[in-house]
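Below is one structure, written out as structure tokens, with a few remarks after it.
The values are calculated or read from the model by the stated rules, or taken from the named source; none is laboratory data. Quantities reported herein were computed from a predicted structural model and do not represent experimental measurements. Every residue, glycine as well, gets a Cβ built from its backbone with ideal geometry; the counts of neighbours run over all protein chains shown. All accessible areas refer to the heavy atoms of the entire protein, side chains included, with ligands and DNA or RNA removed. Shrake-Rupley method; radii C 1.70, N 1.55, O 1.52, S 1.80 Å.
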Amino acid sequence: MRTLSDILEEYEFLEGDERYRLLIELGRELDAMPDALKTDATLVRGCSASVWVYPTEQTDALHFLADSNAAITKGIVALVIAAVQDKPATEVAAMDVTGMLEPFDLKNQLSSNRTQGVPNMIALVKEHAARIAAA
């Protein structure tokens, strides 16, 4: 998976529909999430599309699986995951993911129904990280 800074570098050179295409491409690059993990417990509440996020722990780092039934939304969750992927749970729990995503200006780039669930995606990722860090 690309780093958030690499994604931003590309994103800044693009406009309009090209940014949509990049988000869709990012969604396609996510690790496959088995259907068995797409449950009510992994569902992100408040999203207009269905979004699932599941944390796995790999040698002291969090690795998230995520999916959505909508291409743009899947790209948005891929951005969130890019900010935290393969970092220690304690670091993820303390991160300002919202601040890290501000340069993408998603609220002005996308319709409000596509971005309304972003805070919930971030909250779920941070909750998982805090729970794992405390264990």
Based on alpha-carbon centroids, what's the gap between region 42-110 and region 114-134 in Å, whole number please? 7 Å
Using mean Cβ contacts within 10 Å as the protection proxy, how do 47-54, 102-109 order, highest first? 47-54, 102-109
Answer rounded, prolate or oblate for region 1-78, using the Cα gyration tensor with square roots of eigenvalues a ≥ b ≥ c: rounded when a/c is under 1.5, else prolate when a/b is larger than b/c, else oblate. oblate
Hull volume in cubic angstrom per residue (convex hull over the Cα atoms of the chain): 96 Å³
Gain in span if fully extended, residue 109 to residue 20, counting 0.36 nm per residue against the direct Cα distance: 31.1 nm
Local electrostatic count, residue 30, Cβ distance below 15 Å [Lys/Arg +1, Asp/Glu -1]: -2
Mean accessible surface per residue for region 1-107, computed with a 1.4 Å probe while every protein chain stays in place, in Å²: 51 Å²
On a 0 to 90° scale, report how tilted helix 118-134 is relative to the longest principal axis of the chain, with both axes built from alpha carbons and the result rounded to the nearest 10. 20 degrees
Based on the mean of other beta carbon atoms within 10 Å per residue, what is the order of 88-101, 29-42, most packed first? 88-101, 29-42
With an 8 Å Cα cut-off and a minimum separation of 6 or more residues, compute the relative contact order for region 64-135 in percent. 38 percent
For Cα pairs less than 8 Å apart in space and 6+ apart in sequence, what is the mean separation divided by the residue count of the chain, i.e. the relative contact order in percent? 27 percent
Computed, not fitted: 222 nm per-residue ellipticity of the chain from DSSP H runs ≥ 4 (each -39500 (n - 2.57)), nearest 500, equal to -15500 deg cm²/dmol
What spacing in nm lies between the two simple spin-label points modelled at residue 8 and residue 127, each 7 Å away from Cα in the Cβ direction? 2.7 nm
